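The values are calculated or read from the model by the stated rules, or taken from the named source; none is laboratory data. Computed from a prediction, not measured in an experiment: that's the story for all the values here. Quick reminder, even Gly has a Cβ in these numbers, built from the backbone with ideal geometry, and neighbours come from all protein chains shown.
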Amino acid sequence: KILKNDNELVILSQVNPGFTRNVRVKAKNIYYQVETLVFGNAIDRALNPERITIGLKEKDRNLSKNFKVFLDSFKCPLIIMNYESAELTKISINLFLIAQVSVTNTVSSLCEKIGADWTDMVPSLKLDKRIGQYCYLKPGLGISGGNLERDMATIMEISSYKQIDNSLINTFIQNSHDRKKWVFENLKSVYPDLNKKLKISILGLSYKENTDSVKNSPSIETIKLIPNVSIYAYDPVVKWNVKWHNNATILNNLYDTLNDCDAMLIMTPWEEFKTINLKKVKKLMKGRLIIDPYCMLLNDKNVHRDFKYIYMGGSQNNKDLKNGNKLTKKLT
């Protein structure tokens with residue numbers, strides 16, 4: 001009803017391959033553009049793309065003059081292909097990101113068991129040109145936010161229909177599921193009972209920094225796993241009531257969550273968490289456990305001296321590194 005015969009339609013949504021070719025609307029031209037939005041960095045990504053990828057009905061067709069002038073104004077590589085290639089390119093970008101995250105998570109978990117430290121390994125990995133400076137080498141708490149999960153579901157559906165082995169995607173999904181329990185498992189290793197007497201401080205509720213989205217948030221998933229514990233949470237932007245836990249309260253001040261708490265869990269890598277005053281934290285907390293998946297406090301000497309500090313990929317997470325030594329001897 002809105003489009004006219006001389007209009008042009010550009011589709012940027014997540015769609016299954018084949019969708020754009022089957023769109024039936026009044027429009028002079030229909031394009032599929034690969035959108036690479038990153039939550040928390042949307043404006044910069046839109047204004048300064050690394051490249052622009054456009055899908056056409058046939059790849060040897062020309063863009064309209066007005067659309068070509070608009071795209072050229074971004075002064076970046078322009079890649080043209082057919083609809084299906086562009087639609088699959090969008091999905092593939094996310095799959096390669098998921099693959100990097102999954103390998104990083106797996107190796108960082110191994111580090112925790114054998115006495116290696118992932119943070120020491122990363123600089124060497126990045127200097128390998130086959131891996132590179134921009135590879136995603138930060139361990140995480142599973143895939144969150146919705147977009148990546150949708151692309152995995154799409155590939156699972158298409159590959160099953162076309163009878164292509166999708167066991168690799170299944171592995172990614174399982175890895176993500178397991179990683180969301182990482183904080184819970186480490187908390188339970190220190191406090192096996194996880195009873196009502198425990199008071200836990202949770203810092204960060206959004207699924208990542210610079211957004212207020214809590215969709216599939218590792219923080220919310222962890223809260224659901226500890227229903228009998230008293231939880232006091234803080235997030236710089238998520239302020240609405242916590243509906244996922246009867247004993248959870250959101251406070252407006254980070255340090256208020258720490259009064260007499262037994263453990264502090266840093267669940268979102270907000271920049272302000274890097275400057276937490278650990279001397280103040282020590283006075284406020286009853287316990288001495290800090291679980292910091294994203295290494296926000298790794299470089300603060302006080303955290304290693306005054307607390308039991310657990311972070312992803314850290315060799316100190318293992319109580320007995322001799323187990324790693326025994327494994328090494330066995331393998332060699």
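What the table below lists for this structure:
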quantity: Selection count where residues are part of a loop (DSSP other than H, G, I, E, B) and over 28 Å from the mean Cα position of the chain (by Cα), scope the stretch 19-41; calculated: 6
quantity: Residue in the stretch 303-312 that is touching a residue at least 24 places away in the same chain (Cβ under 8 Å), assigned to a strand (DSSP E or B) and surrounded by fewer than 22 Cβ atoms within 10 Å (Cβ to Cβ) present; calculated: yes
quantity: The stretch 241-258 residues that are in the same structural domain as Lys224 (by TED's automatic domain parsing) and closer than 13 Å to Lys199 by Cα, paired with ones that are in a helix (DSSP H, G or I) and modelled with pLDDT under 95 (beta carbon under 7 Å, 6 or more apart); calculated: Ala248/Ile223
quantity: Residue list for the stretch 96-115, restricted to those being crowded, with 18+ Cβ neighbours inside 10 Å and hydrophobic (A, V, I, L, M, F, W, C); calculated: Ile98, Val101, Cys111
quantity: Residue within the stretch 5-15 that is under 20 Å from Asp72 (Cα atoms) and part of a loop (DSSP other than H, G, I, E, B) present; calculated: yes
quantity: Residue check, Ser124 surrounded by 15 or more Cβ atoms within 10 Å (Cβ to Cβ), outside the structural domain of Val214 (by TED's automatic domain parsing), free of Cβ contacts under 8 Å to residues at least 12 places away in the same chain and not in a loop (DSSP other than H, G, I, E, B); calculated: no
quantity: Close pairs (9 angstrom Cβ cut-off, 6 or more residues apart or separate chains): touching a residue at least 12 places away in the same chain (Cβ under 8 Å) in the stretch 183-203, of a type in the set (D, E, K, R) and assigned to a strand (DSSP E or B) anywhere; calculated: Val190/Lys308
quantity: Cross-chain or 6+ apart pairs with Cβ under 9 Å, the stretch 137-161 first and assigned by TED's automatic domain parsing to the domain that holds Pro123, then basic (Lys, Arg) and not in a loop (DSSP other than H, G, I, E, B); calculated: Leu137/Lys126; Pro139/Arg179; Gly140/Arg179; Leu141/Arg179; Gly142/Arg179; Ile143/Arg179; Asp151/Lys90
quantity: 2 or more residues under 24 Å from Asp262 (Cβ atoms): qualifying helices (runs of 4 or more DSSP H) within the stretch 147-217; calculated: 182-190
quantity: Lys274 being of a type outside the set (Ser, Thr, Tyr), in contact with a Phe, Trp or Tyr (Cβ under 7 Å, 6 or more places away or on another chain) and either modelled with pLDDT of 95 or more or outside any loop (DSSP other than H, G, I, E, B) (or both); calculated: no
quantity: When residues of the stretch 82-124 are limited to those that are more than 20 Å from the chain's Cα centre (by Cα) and among the aliphatic types (A, V, I, L, M), the one nearest to Leu63 (Cα to Cα); calculated: Ala86
quantity: When residues of the stretch 254-267 are limited to those that are touching a strand residue (DSSP E or B) at 6+ places or on another chain (Cβ under 7 Å) and assigned to a loop (DSSP other than H, G, I, E, B), the one farthest from Tyr311 (Cα to Cα); calculated: Asp260
quantity: Residue tally, condition under 27 Å from the mean Cα position of the chain (by Cα) and exposed (fewer than 12 other Cβ atoms within 10 Å of the Cβ), over the stretch 42-81; calculated: 6
quantity: Matching option when the condition is surrounded by 15 or more Cβ atoms within 10 Å (Cβ to Cβ) and more than 20 Å from Pro293 (Cβ to Cβ), among Tyr255, Tyr207, Tyr191, Tyr234; calculated: Tyr255
quantity: Residue in the stretch 166-181 that is crowded, with 17+ Cβ neighbours inside 10 Å, in contact with a strand residue (DSSP E or B) (Cβ under 8 Å, 6 or more places away or on another chain) and aliphatic (A, V, I, L, M) present; calculated: no
